Amino acid sequence: MIAGRYRKRSPGEPRAVGYLYLAPALALYAAFLLFPLCQTVWLSFVHWDGLTVATWAGLDNYRDLLGDPVLRQSFGQALVLLLFYAVLPVLFGLLLAAALSRFRVRGMTFFRTVLFLPQVLAMVVVAVAWRSILAPDGLLNDTLRAVGLDALTRSWLGDYTWALPAVGAIGTWVGTGLCLVLFLAGAQRIPRELYEAARMDGAGAIREFFAVTLPGLRPEIAVALTLTIIAGLRNFDLIYITTGGGPGNSTSVPAYQVYHRAFEINQVGSAAAVGVGLAVLIFLLTVVVSRFVEGRNT
């Protein structure tokens, strides 16, 4: 029965028969992805408030995307957040994976579970919890006061200088566990003989990391960077719940601008243009990451 179900196509059998099996999946893909994507692109070329008749705008929305200081600021702040959402989690994950693969640690399963826990929590729950921790009367400020560091206390999410780093720190906390689990899984497939040969050559922990661990984890690094970059650039719920884009526009990001323009100030065409620009930016960054890894592998 199984052999018959997965038999090879006979030479006389039409190739179109095989395509029929893909038709339902392609129809769902087109209905739920391609059609909304095409509609978003079309909306980016019109002025529309969501209620009245849309009027043709041409490239006006894209000119605003480049010329509006608020939009430029939001894209710049999104790139800054990538330092917290992508770069720092990957670095911390690499350091922890290198240490845990070199030394045996009791309770490894529990340790990995605790670090991976933020990935299975809803981002709304994470945002509410951290909003309470970073509040003026929250746990962080109470701890600083308890150890005599009252001068460091502040309204972390309401400070123009510290609001963006505070949100970024939450992203680092969320992403580090994912990177660590990926790197630990990748480290297990690195041949132990390579580590033994490096140690026989007198390599220390640092040299062993750069000569064996880092090259062996290159595919996992690419996956981790891709996932964390996408998570960082499409970040909306964390911003919406913790700061609402404020104070002012100091934590506004493109995903939040899409919501703000489409549902709060009724500029659907501008919101669509921001969404298209964000999608292009994500695509370009992920291509750069994949090309870099492929180039190093060749």
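Where a number appears in this text, it was derived from the coordinates with a stated rule and is not lab data. All values derive from a computational prediction rather than experimental measurement. When we count neighbours, we look across all protein chains shown, and the Cβ atoms used for this are built from the backbone with ideal geometry, even at glycine.
Each Cα pair of segment 12-132 feeds into the Kirkwood radius, which the Stokes-Einstein equation turns, at 25 °C and 0.890 mPa s, into a diffusion coefficient of 119 µm²/s. Both radii were evaluated on the Cα set of segment 178-298; the Rg over Rh quotient, with Rh as the Kirkwood radius, amounts to 1.19.
Applying the criteria of a DSSP loop state and at most 13 other Cβ atoms within 10 Å to the chymotrypsin sites (Phe, Trp or Tyr not before Pro) of segment 134-168 yields Y160. Note on segment 21-113: with charges restricted to the Cβ of Lys and Arg (+1) and Asp and Glu (-1), its dipole about the Cα centre is near 900 debye. Take the Cα of R291, step 7 Å toward its Cβ, do the same at D49, and the gap between the two points is 4.3 nm.
Please identify the trypsin sites (Lys or Arg not before Pro) of segment 37-109 that satisfy two criteria: DSSP loop assignment and at most 16 other Cβ atoms within 10 Å. Which are they?
R104, R106
Computed over neighbours whose Cβ is under 15 Å from that of L134, the net charge equals 0, Lys and Arg +1, Asp and Glu -1. Here the Kirkwood formula puts the hydrodynamic radius of segment 120-238 at 17.3 Å, using every distinct Cα pair. Can you tell me what percent of all Cα-Cα pairs in segment 107-186 are more than 20 Å apart? Of all Cα-Cα pairs in segment 107-186, 44 percent lie more than 20 Å apart. The charge dipole of segment 111-181, taken about the Cα centre with unit charges on the Cβ atoms of Lys, Arg (+1) and Asp, Glu (-1), comes to about 200 debye, rounded to the nearest 20. Dividing the helix sum by the residues of the chain, where each DSSP H run of 4 or more adds -39500 (n - 2.57), gives a mean residue ellipticity at 222 nm of -20000 deg cm²/dmol. Just checking the listed ones, P69, P247, P89: in the Gaussian network model of the chain with Cα springs under 10 Å, the one fluctuating most is P69. Listed options for mean projected area of the Cα convex hull in nm² are (1) 24.8; (2) 20.3; (3) 16.5. The value calculated from this structure is the one marked (1).
Taking Cα centre as origin and charging only the Cβ of basic (Lys, Arg, +1) and acidic (Asp, Glu, -1) residues, the dipole magnitude of segment 204-298 rounds to 200 debye.
Sparse packing (at most 12 other Cβ atoms within 10 Å of the Cβ) combined with a DSSP loop state is found for the following trypsin sites (Lys or Arg not before Pro) in segment 172-257: R189.
Of T228, T172, T286, the residue with the greatest mean-square motion in the GNM of the chain, using alpha carbon springs below 10 Å, is T286. Hey, in the GNM for the chain with a 10 angstrom Cα cutoff, which one of D60, D137, D49 fluctuates hardest? Among D60, D137, D49, the largest mean-square fluctuation in the Gaussian network model of the chain belongs to D137.
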